[in-house]
Every structure is written in C-alpha cells, then in structure tokens.
Number of protein chains: 2
Amino acid sequence: MKTEFINPFLTSLMNVSSTMSTIQLTPKKPMLKKEIYAKGDISGFIGLTAPNLKGSLSVTFEKNLVLMTMEKMVGEVHQNINADVIDMVGEITSMVAGGAKRLLSEQGFDFDMATPIVVSGENHTIRHQSKDKVVLIPLNSDYGCVFLEISLE
Amino acid sequence: MKTEFINPFLTSLMNVSSTMSTIQLTPKKPMLKKEIYAKGDISGFIGLTAPNLKGSLSVTFEKNLVLMTMEKMVGEVHQNINADVIDMVGEITSMVAGGAKRLLSEQGFDFDMATPIVVSGENHTIRHQSKDKVVLIPLNSDYGCVFLEISLE
C-alpha cells in the first residue's frame, strides 16, 4: 500500500480533531505488522470501494480521549460511552473518510464510501481482513490515544 | 428499506451456516427499531456501495455459537475467540455478502463490497450510522444466537 493513499487519511483525522475539538493529535510511527491489533473502547468503521480497489478504515478511541472530544466538540460532559458519544464517533469517521476522499480526488483518485458502523465495548480488538497488509498509525494527545487503521487491496 | 434487499442477505447467512458448518439457523422476527443494538462477542462487518446506494452489513455471533461453528466448519476445537476464529468470521462475512451479491445480481441489482473487518470483545454493541432504519434479524440455533444487521440508504 502506498504512502500517497495513507497520508490523506492521517491528515484528515488530524484536521478533524484539531478543527472540531481543538485537540491536537501527534502521529507515531506507522506499523505494518499484520498481527498488531488496535485496541480501544470505541471504534468507527467505514468501507471503501473503487473500481480497482476495496478497503476499510477504522478509527479507535480510548475512552478518556473520546469523552474529552465530546466535551470539546459538542460541549457536553459525559461520564461514559453512550448513544450520543457513539453518534459523534460515527460522524467523526464519516468526516475523516470524507476529508481523505477530497484530498485523494485532487490527485485524480476517487472512491465510494459505505455507511459507518460504530462498535463500543471495553478493550475490543479489530482485525481487517485484507489480503494486503494493514497500516496502523497510533496518535497521541494530551487526553489519550487514537488508532487509525487502513486496509486497501 | 425493501424486503427484496433484506431476504438475499438472510438467505445467504442461512445457506453459509448450513453448508459450511451444518448448523441450521432459524430466523426470528426482523426488528426495525433504531435503538436496538446487536450485542455479541464477535462481529464481522462489511461495507456495501452501489451507484445510488450505500450501506453496511454486520454478522454478530455469541461466543458459544462461533466456537461450535469453528469446530464443525474447520474441525478444530477452540476454547476462546482467537486469531483463527477471527479469520473464520471474516470469511463467513465475505461469504454472506458474496452470496447476497449473487442473489441480488440475478434481480438486476449490483453492489460493490469493501473488505471485511472483524471486532472481538465480550458484549460489544454495534450501531449502524445510517439515515434510514437498520434491520436487525436475530437467528437461533442449537448452540446460541447470531444477529444479522443490515443498513442501506
């Protein structure tokens, strides 16, 4: 999988977080190992299709970071992951994919997005079922981590 | 969402289970309520796109049923959900979507599939972020339940 496909998703996630919640995310080194899973408390997923390509994107938050994002983005303090927090993660996932779609479109590459799905549950793990390798990028913030995973084949 | 789009997915799931694992699934009444979540221990997801439509499919297993499916489909006894079980659920999800794709194609309706994602974690909940209603169909078996959710908009 080429860097030119990964960077738009990473840029888009950092933009969405800084614009919508003023939380700055600092990316750590991308990992390519297949056996590494993102582990978190709430994840948004979206399927991606294009004529010669298919893939999937996931954005996985630690609980503390997602609750702080809710507070800063929506102005609501929640103690736990509930329906409102779940819907916000669905929106963030759509915004991240939509932002990457725009950036890739400028490079002449167009893809379609499925509808997002949000999974919540403490310490769930994610595995993208792709023939190609999955790229996992952890991002740090002052409030916890978020994990971006992209699989394209 | 029309029944003609739901039935191919339901038929495909029942076919995959009976053919691959000899486990017969009995569908219960489909539910349309937005606030009902499927709850289970392992889920396979796949995004669906078509020119005028997008959606997502999830297949969520209770632990006992997925371990019994592993035993009957692959001939391996596992005590817990591990990487092998996760990969099997990814394959089942692809087979269910692929079977539905063939059935819908016969009706003149074609869609593209993203790559599957599998989430594991006890008692996780799922929420499809669709503007339309989500259809949830629980299916019973001798070994536990599986929940099929489809969202199309």
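The values are calculated or read from the model by the stated rules, or taken from the named source; none is laboratory data. Computed from a predicted structure; not experimentally measured. We place every Cβ from the backbone using ideal geometry, glycine too, and count neighbours over all the protein chains shown.
Filtering B:Ile137, B:Ile81 for residues that are over 16 Å from the mean Cα position of the chain (by Cα) and closer than 21 Å to B:Ala38 by Cα leaves a single hit, B:Ile81. Might you let me know whether the stretch B:25-40 holds any residue that is at pLDDT 95 or above and either surrounded by 19 or more Cβ atoms within 10 Å (Cβ to Cβ) or of a type in the set (Gly, Ala, Ser) (or both)? Within the stretch B:25-40 (the criterion being at pLDDT 95 or above and either surrounded by 19 or more Cβ atoms within 10 Å (Cβ to Cβ) or of a type in the set (Gly, Ala, Ser) (or both)), the answer is yes, since at least one residue qualifies.
Just one of (1) in a helix (DSSP H, G or I); (2) crowded, with 22+ Cβ neighbours inside 10 Å fails for A:Ile150. It is (1).
For the structure I just gave you, tell me whether A:Thr69 is away from chain B (no Cβ under 14 Å), touching a Leu at 6+ places or on another chain (Cβ under 7 Å) and among the polar types (S, T, N, Q).
On the way: away from chain B (no Cβ under 14 Å): yes; touching a Leu at 6+ places or on another chain (Cβ under 7 Å): no; among the polar types (S, T, N, Q): yes.
Criteria not met by A:Thr69.
For the residues A:Gly47, A:Gly108, the requirement of being part of a loop (DSSP other than H, G, I, E, B), out of contact with any helix residue (DSSP H, G or I) (no Cβ under 9 Å at 6 or more places or on another chain) and small (Gly, Ala, Ser) singles out A:Gly108. In the stretch A:99-116, the residues that are within 22 Å of B:Ser151 (Cα to Cα) and touching a residue at least 12 places away in the same chain (Cβ under 8 Å) form Cβ pairs under 7 Å with partners that are aliphatic (A, V, I, L, M) and in a loop (DSSP other than H, G, I, E, B), at six or more places apart or across chains, as follows: A:Ala114/B:Ala114.
The set of residues in the stretch B:116-136 being buried (at least 20 other Cβ atoms within 10 Å of the Cβ) and in contact with a Leu (Cβ under 8 Å, 6 or more places away or on another chain) consists of B:Ser130, B:Val134, B:Val135, B:Leu136. Among the residues of the stretch B:42-56, just one is closer than 19 Å to B:Val85 by Cβ and more than 9 Å from every other protein chain (Cβ to nearest Cβ), namely B:Ile42. For the stretch A:111-139, a tally of residues being at pLDDT 90 or above and either more than 8 Å from chain B (Cβ to nearest Cβ) or assigned to a helix (DSSP H, G or I) (or both) returns 6. Taking the stretch B:76-93 on its own, how many of its residues are in contact with a strand residue (DSSP E or B) (Cβ under 6 Å, 6 or more places away or on another chain), more than 18 Å from B:Val16 (Cα to Cα) and in a helix (DSSP H, G or I)? Number of matching residues: 0. Residues being farther than 13 Å from A:Gly55 by Cβ, in contact (Cβ under 8 Å) with a residue 24 or more places away in the chain and in contact with a Ser or Thr (Cβ under 9 Å, 6 or more places away or on another chain) are entirely absent from the stretch A:128-138.
For A:Thr93, indicate whether it is crowded, with 23+ Cβ neighbours inside 10 Å, out of contact with any Lys or Arg (no Cβ under 7 Å at 6 or more places or on another chain) and closer than 21 Å to B:Val118 by Cβ.
So A:Thr93 fits the description; yes.
Checking the stretch A:25-36 against the condition returns no match, with no residue being in contact (Cβ under 8 Å) with a residue 12 or more places away in the chain, touching a helix residue (DSSP H, G or I) at 6+ places or on another chain (Cβ under 6 Å) and closer than 24 Å to A:Lys131 by Cα.
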